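Any read-out appearing in this document is the output of simple, stated calculations on the displayed coordinates, not a laboratory observation. Keep in mind it's a predicted model, so treat the numbers as computed, not measured. Glycine also receives a Cβ, built like all others from the backbone with ideal geometry; neighbour counts cover every protein chain displayed.
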Amino acid sequence: MTGSGIREVERGQSGAGSIRLLLGVAIPIGLLAVAGTLQWLDNQFFAWWPFDPAVFGWVVVVPIWLSAGVVAGYLWQSLSPRQTYLAAAVVTAVIGGAAALVYWQWIGVPFDCGFGTVTPALAFLPPTLIVGFSVGVGLALTSLLSTTLVRAGVHWWWVALVVSGSDVVLSAISFFLGFAALGGHTCYVPGPGYPIAP
């Protein structure tokens, strides 16, 4: 094969690798976006929803969330080691950042507190970053575990079982971290003659 032919093959392989990397990042993030959107719709329109909110969350939202790590494993199995860790880093940053922002909006600028919270919103920023980081790292770790199992030839149902179980444990850790951050989440209630505020 001539030098130009080798370069064409290398360019083709590089392009295919980039597409696999893009899909490996976009699809798991997309699954979590779908789960989050469905959960939001469930919370917003539960009065008109034909399903019980709790049942809908456990039957639809949670399985979609847990599937992200499993799907990532099958998408990442063909990536190079460098691309695999790059995908994990991107997933951690995107999901962690989104989770931190949503959580900060929820406890730092809550819609249920008409006059804000006793603790300033910026004071919630460090714990929300920790919560967001734990969510992002949790997905990255379960995705890497899934990738390792898939590459080892483990049957898909074992992959799903082990990865989902690991995801539940890591999600529980994120939940407890988030619960601990709620300690300062107290609505400010101004009395007669008191200023509205911080």
Next item on the list: Can you pull the one-decimal nm distance between simple spin-label points at residue 18 and residue 58, each 7 Å off the Cα toward Cβ?
Entry: 4.7 nm
Note to self: With the crude spin-label approximation of a point 7 Å out along Cα→Cβ, what separation in nm comes out for residue 125 versus residue 176?
What the structure shows: 2.9 nm
Checklist line | Sites residue 78 and residue 155, calculated FRET efficiency, Cβ-Cβ separation with R0 22 Å, nearest 0.05 | finding: 0.75
